[in-house]
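The values are calculated or read from the model by the stated rules, or taken from the named source; none is laboratory data. A quick note: this is a predicted structure, and the numbers were derived from the prediction, not measured. So basically every Cβ, Gly included, is an ideal-geometry build from the backbone, and we count neighbours across all protein chains shown. Ligands, DNA and RNA are excluded from the accessible area calculation, which covers all protein heavy atoms including side chains. Shrake-Rupley method; radii C 1.70, N 1.55, O 1.52, S 1.80 Å.
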Amino acid sequence: MSDRLVLTVADLSKHFVLHNVDGRQVDALHSVDLTVRAGEHIALAGSSGAGKSSLLKCINRTYLASSGAIILHAEDGSSTSLDTLSDREMASLRGRDIGYVSQFLRSQPRRTPMEIVVRSAVLRGVNRKHATEAAADALTRLRLDRALWDVHASVLSGGERQRVNLAAGTVAPPKLLLLDEPVSALDPANRSAALDLIAGLTSHGVAVLSVFHDLEAMERLATRVVVMSDGRVVGEGAPSEVLPELEVAR
């Protein structure tokens, strides 16, 4: 793990207004502070509704934060405030520097798995020839049958689409990778292959922020565990320190 900062989250809060329920306000995140360094894998832990996915979506700008700062740091020492970028600027940066893999199946139905993964690599600055090679390697490592590489994603099963999403999120590894239950639909053999791929990313300097409900996956992958409750960070530490306490709580 490097000392180089990749992401800083400072005093971040997110509120939702339920317009169909008397305009009631729901507080999803409260003054969250977090840093992620190059080569570090931080696993977010906590019960459902703790704010883990909301935090990832604020960083990815799927949600617009209510207050606070989200800063992406470049290798040259410059920084970009993700919370103040225009939608166009954020879309460009998201394709180039941030990978996001959700538990939901986001693969474009009219594209083939190969097209989806190649496009992701090209957006990260890889020429098409090398992007095709990298896409083939990612799909092979994730055990997607080669016969499925050139069919429309709409015919794929849930687990197959999830592997395509993971390949697209990790090909030509981004600076920052956000993972929200990326292996939830996978059988044991394919889950193991996916975790192997994720485990290798930090050695290449990728900063990873993840949500896994599986404590075994956190123990295998995380360099640090951050515990959330009711939208707040309530603790953190090494997996060997934090995970036994979570196991007892469960």
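Give the residue, chosen from D214, D187, that is farther than 16 Å from R163 by Cβ, out of contact with any Asp or Glu (no Cβ under 7 Å at 6 or more places or on another chain), of a type in the set (D, E, K, R) and open to solvent by 20 Å² or more (accessible area, probe 1.4 Å).
D214
Which residues, counting only those in region 26-77, are polar (S, T, N, Q), touching a His at 6+ places or on another chain (Cβ under 9 Å) and under 11 Å from M228 (Cα atoms)?
S48 - this is the single residue of region 26-77 that is polar (S, T, N, Q), touching a His at 6+ places or on another chain (Cβ under 9 Å) and under 11 Å from M228 (Cα atoms).
Taking the conditions exactly as written (within 26 Å of S66 (Cβ to Cβ) and β-branched (V, I, T)), does V171 satisfy them or not?
So V171 does not fit the description; no.
Would you point out which residue out of G68, G77, G125 is of a type in the set (G, A, S), at pLDDT 95 or above, out of contact with any Phe, Trp or Tyr (no Cβ under 9 Å at 6 or more places or on another chain) and surrounded by fewer than 20 Cβ atoms within 10 Å (Cβ to Cβ)?
From the options G68, G77, G125, the qualifying one is G68.
Please go through region 190-211 and pick out each residue that is of a type in the set (S, T, N, Q), more than 24 Å from A38 (Cβ to Cβ) and open to solvent by 20 Å² or more (accessible area, probe 1.4 Å).
Answer for region 190-211, where residues must be of a type in the set (S, T, N, Q), more than 24 Å from A38 (Cβ to Cβ) and open to solvent by 20 Å² or more (accessible area, probe 1.4 Å): just S192.
Mind checking which residues of region 165-184 are touching a residue at least 40 places away in the same chain (Cβ under 8 Å), open to solvent by less than 50 Å² (accessible area, probe 1.4 Å) and either farther than 20 Å from T112 by Cα or of a type in the set (S, T, N, Q) (or both)?
N165, T170, P174, L176, L177, L178, L179, D180, E181
State all residues of region 119-143 that are assigned to a helix (DSSP H, G or I) and out of contact with any helix residue (DSSP H, G or I) (no Cβ under 7 Å at 6 or more places or on another chain); if no residue qualifies, say none.
R119, K129, H130, E133, A136, D137, T140
Which ones in region 144-157 are touching a residue at least 12 places away in the same chain (Cβ under 8 Å), closer than 13 Å to Q108 by Cα and either outside any loop (DSSP other than H, G, I, E, B) or open to solvent by less than 40 Å² (accessible area, probe 1.4 Å) (or both)?
Those that are touching a residue at least 12 places away in the same chain (Cβ under 8 Å), closer than 13 Å to Q108 by Cα and either outside any loop (DSSP other than H, G, I, E, B) or open to solvent by less than 40 Å² (accessible area, probe 1.4 Å) (or both): A153, S154, L156.
Scan region 72-88 and give yes if some residue there is of a type in the set (G, A, S), part of a loop (DSSP other than H, G, I, E, B) and in contact with a helix residue (DSSP H, G or I) (Cβ under 9 Å, 6 or more places away or on another chain), otherwise no.
Looking through region 72-88, at least one residue is of a type in the set (G, A, S), part of a loop (DSSP other than H, G, I, E, B) and in contact with a helix residue (DSSP H, G or I) (Cβ under 9 Å, 6 or more places away or on another chain).
If you go through region 1-14 one residue at a time, how many are in a strand (DSSP E or B) and either modelled with pLDDT under 95 or of a type in the set (D, E, K, R) (or both)?
2
Identify all residues within region 95-118 that are surrounded by 16 or more Cβ atoms within 10 Å (Cβ to Cβ), at pLDDT 90 or above and either in a loop (DSSP other than H, G, I, E, B) or basic (K, R) (or both); write none if there are none.
Hits for region 95-118 are R111, T112.
Do you know which of the residues in region 7-33 that are under 18 Å from the mean Cα position of the chain (by Cα) and open to solvent by 10 Å² or more (accessible area, probe 1.4 Å) is farthest from P174 (Cα to Cα)?
D33
Any residue at all in region 227-248 that is free of Cβ contacts under 8 Å to residues at least 12 places away in the same chain, assigned to a helix (DSSP H, G or I) and of a type in the set (A, V, I, L, M)?
yes
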